[in-house]
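A.B. asks: Just dropping this structure here.
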Amino acid sequence: MKKYDSVIIGPVSLDINIDCEGVTRKELGGAVVQSGYAAAGCGFRTLVVTRSNKEEANPTERFKGSGADLILLDSAHTCSIRNQYLTPDKERRICTSLNVCDPFRVEELAFLADYDVKIVHLAGLVWGDFSDEVIAGLGQYGDLAVDAQCLLRHAEPDGSMQYHDWEAKKSVLPRIRFFKVDAAEAEMMTGCPDRKEAAAILHSWGAKEVLLTHNTEVLAFDGSNYYTCPIKARNLSGRTGRGDTTFAGYINSRITRSIPESLLFATALVSLKMETPGPFMKDAAAVEEYIRQFYNGDSITVTGT
């Protein structure tokens with residue numbers, strides 16, 4: 001039986017990224033690309049399960065050299081998103097949905113029973129990629145790690161992408177071990193602008209570990225302690241994929257490492273990744289060297305509840 005540290009499931013996306021100066025970059029991206037490269041590049045045994053229309057996109061070519069194994073599922077359409085960034089730091093953007101892919105179904109993922117999987121990482125892009133029933137059903141194959149983006153971001157009929165709260169959050173969160181949100185998503189779900197308080201609320205609803213990303217730091221909460229680590233990127237040219245990279249680094253590290261160790265590795269990983277456009281193309285040794293250069297023994301702040 002083949003063993004994987006994580007299986008990453010989600011659609012690829014034909015992305016059109018336009019920076020604040022009008023420079024356009026087209027590429028096959030998506031959370032699975034960012035997460036897949038980060039996880040496999042750091043030496044974790046990684047399987048990517050993605051879907052697209054084979055006439056519109058070539059995920060095989062996109063993942064060549066990533067180090068991840070790949071399984072392709074067909075779709076009537078390939079997800080496509082246009083991102084118009086409004087500021088140089090890429091913190092503000094307008095997202096437009098140009099197309100969405102077919103949703104993932106539990107029955108078509110039954111082959112996961114043939115593998116020994118530690119973590120099932122759901123890396124969707126919009127609401128509908130995974131139904132609440134699918135999320136619950138996939139928990140039989142490994143510990144669930146879910147990014148809130150695909151639960152809150154909706155592709156509207158006019159192409160706009162709007163955020164709405166997740167109605168089933170209190171019933172499904174107890175099935176999730178790792179739950180990732182950014183600061184805005186955490187506030188939307190909880191109504192609380194304070195990041196620590198929001199993480200505590202999400203944990204109280206059932207998520208075992210909450211990972212909350214912000215442009216200054218990454219926070220982890222396990223119900224007993226808050227752990228924070230500062231982002232130390234020297235530039236933000238590779239801002240796209242920040243959260244996906246962080247989450248992949250954290251959850252895979254948690255298989256063998258403590259929360260502080262995993263948080264430090266994931267934060268250094270994303271700091272290094274953000275200095276270059278595209279997915280993470282280095283390895284774990286580069287991350288460890290980044291830690292030696294820019295972090296020290298007191299980089300992790302721990303506070304109790």
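The values are calculated or read from the model by the stated rules, or taken from the named source; none is laboratory data. Everything numeric here is computed off the predicted structure, so don't read it as measured data. Here the Cβ is made from the backbone with ideal geometry for all residues, glycine too, and neighbour counts use every protein chain on show.
A.B. asks: Which ranges mark the helices (runs of 4 or more DSSP H) fully within region 175-257 that have 1 or more residues being on the phi > 0 side of the Ramachandran plot and surrounded by fewer than 16 Cβ atoms within 10 Å (Cβ to Cβ)?
C.D. replies: Qualifying helices (runs of 4 or more DSSP H): none found.
A.B. asks: Still on this structure, please answer the following. Can you report the number of residues in region 81-120 which are under 16 Å from G241 (Cα atoms) and not in a loop (DSSP other than H, G, I, E, B)?
C.D. replies: Here the count works out to 8.
A.B. asks: So in region 27-70, with the set limited to residues that are more than 17 Å from the chain's Cα centre (by Cα) and of a type in the set (S, T, Y), which one is surrounded by the most Cβ atoms within 10 Å (Cβ to Cβ)?
C.D. replies: S52
A.B. asks: Condition first: in contact (Cβ under 8 Å) with a residue 40 or more places away in the chain and either part of a strand (DSSP E or B) or under 18 Å from the mean Cα position of the chain (by Cα) (or both). Now tell me which residues in region 154-171 satisfy that.
C.D. replies: A155, S160, M161
A.B. asks: In the list E91, E107, which residue meets the criterion of being of a type in the set (D, E), more than 20 Å from P59 (Cβ to Cβ) and within 18 Å of the chain's Cα centre (by Cα)?
C.D. replies: Working: E107 fails: within 18 Å of the chain's Cα centre (by Cα).
Selected residue: E91, the only one of E91, E107 that is of a type in the set (D, E), more than 20 Å from P59 (Cβ to Cβ) and within 18 Å of the chain's Cα centre (by Cα).
A.B. asks: Those residues that are hydrophobic (A, V, I, L, M, F, W, C) and more than 20 Å from V146 (Cβ to Cβ), I need them from region 193-245; list them, please. Give the steps one after another, and end with the answer.
C.D. replies: Of region 193-245, the ones hydrophobic (A, V, I, L, M, F, W, C) are 198-202, 205, 207, 210-212, 218-221, 229, 231, 233, 236.
Hits for region 193-245 are C229, I231, A233, L236.
A.B. asks: Now a separate question. Look at region 2-26 and say how many of its residues are surrounded by 16 or more Cβ atoms within 10 Å (Cβ to Cβ), at pLDDT 90 or above and not in a strand (DSSP E or B).
C.D. replies: Counting residues in region 2-26 that are surrounded by 16 or more Cβ atoms within 10 Å (Cβ to Cβ), at pLDDT 90 or above and not in a strand (DSSP E or B) gives 3.
A.B. asks: A further question on this structure: Looking at this structure, is L272 farther than 27 Å from P174 by Cβ and touching a Pro at 6+ places or on another chain (Cβ under 9 Å)? Please lay out each step first, then the result.
C.D. replies: Values: farther than 27 Å from P174 by Cβ: yes; touching a Pro at 6+ places or on another chain (Cβ under 9 Å): no.
So L272 does not fit the description; no.
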